Amino acid sequence: MLRSLARAAATHHSWNLKLAPFSSVSHTSRPPKPTTPLKPDPKKSTAAAAAAALYDEQERIRQLAADDKNPSLDVGRNGRPLFTSSPSLSHLSRNDVCTYFKLTKDTLNAVLPEGLPVGMVNEFQDSMRTALLVRQSFLDLRDNFRRVVDPPMWSSNGKGVKVRKQVVLDGPVSCGKSIALAMLVQWAREEGWLVLYVPKGKEWTHGGFFYKHPQTGLWDTPVQAENVLKARPNFSDFKFNCDFLKYNESYLKELPCQIFDPIVLGEGAGVGWLKDADSLAIPEGTNLYELVKTGIEQTHAAVGVVVRLRKELSLVKDRPVLIAVDQYNNWFTFSEYEEPVTIRSCRPIHARELTMVKAFRSMMHDDMMVGAFSHSTAVGKLRKELPDVPVDARVMFPRYSLDEAETVCHYYLRQRLIRREAFSEENWKKIYFLSNGNGAEIRGLVPFMR
């Protein structure tokens, strides 16, 4: 009965539904997805940036070539000449301080065949000119060793400048220690000195093959010994191919050996030990050139020859001898090498335990030697009194002074690292105080001068 009543009610009430036109119906569908912009191709962007940088570099080279024909642009601070007219580092005087000394790639490759410091290479590449700032700190260093060879008239006990045969250059990072050391080596070689230059002392304590010699109890590094003595291929713009033998060949042929004790042989790099010999005789009449050639040709004798060469250099009297070591602070800390103690542990080997480092590190002698600290190698701060180094040997090398920074900024303006419309005394002083006289930071900041 209930079902019949429901049917009757449904029939009686008609549902009048009016459908709206299709176009007026509001749909509640999902909103359309936002269109994502196409991502630029990183390879194309990099190529475009590289092409633009190459064009800017070529345009700058063209402009600098045109500027070289206009001497009126070579103006430094206070209207002084920007470049010195001195023909060599030996002729530089106090009047040349805060000017630039021009060099050539051929001269650098000939006088510094071992290679240039990284800071010097970066300076040449960024400024697009092989020129260096003449600093009073370098002149003091040069004159110190000049007085060692040619003593002054005044007494050492008087009021004259103290002369040091052994010098350790220390100072803040990027203050110019390595560049000053390289300039000193160039000056000494142009004066006819016999110079053993180690531009990367860290390489003596890192990399290569190492082993403990059973007779000496020290650790030999034959690969490093061969690198010190012989030529190495390098195709950088500012490096030739050779080390100690190349530049000093004529001098070494004139100097006879004065020690004829047999040289202890060791393990050759990659070839093991000799089976029938443990020493190498040095016949009388051998000169230093032949001694070095022996170390190059016989890998088992390389380390022994380097150690013997150090002793022979102390006995040379015919010409001044200078030993110059950059990154010298790496020889007062632990090396990269480790000695196995147990199956699960190793003992770090200190640099003084390396045969070559032990032979060259000490400054407790009468030879001329200069070492430069390199804080960019992250050795850490060393104590003031170093073992095997005289107490008064350390010399603090300063960062740029205000006058030097002004000259440097005028030089970068001349080399188009700074836009002329942006250059002002206020701007370059802001950069100087911001960088605290750090040469590398000044060079990196001046292009942003606005």
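The values are calculated or read from the model by the stated rules, or taken from the named source; none is laboratory data. Treat the numbers as computed from the prediction; the structure is a model and nothing was measured. Side chains included, ligands, DNA and RNA excluded: accessible areas come from the protein's heavy atoms. Shrake-Rupley method; radii C 1.70, N 1.55, O 1.52, S 1.80 Å.
Results, tabulated for the structure shown:
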read-out: Longest to shortest principal axis, alpha-carbon extents of region 60-152, angstrom; value: 48, 35, 20
read-out: Region 268-365 shape via C-alpha gyration tensor axes, a/c threshold 1.5; value: oblate
read-out: For region 138-218, radius of gyration divided by Kirkwood radius, i.e. Rg to Rh on alpha-carbons; value: 1.11
read-out: Per-residue ³J(HN,Hα) for region 421-438, Karplus 6.51 cos²θ - 1.76 cosθ + 1.60, θ = phi - 60°, Hz, x for Gly and Pro; value: 6, 9, 6, 7, 4, 5, 5, 5, 5, 4, 5, 4, 6, 5, 8, 6, x, 6
read-out: Fraction in percent of alpha-carbon pairs per bin - 10 Å, region 319-450; value: 10, 29, 20, 21, 15, 5, 1
read-out: Of Lys246/Lys311; Lys162/Lys384; Lys275/Lys311; Lys200/Lys293, those spanning more than 24 Å from alpha-carbon to alpha-carbon; value: Lys275/Lys311
read-out: Exposure of Ile282 as accessible area (Å², to 10), given a probe of 1.4 Å and all protein chains; value: 20
read-out: Rg over Rh, two decimals, region 183-330 (C-alpha only, Kirkwood Rh); value: 0.96
read-out: Accessible area in square angstrom per residue, region 89-143, 1.4 angstrom probe; value: 36
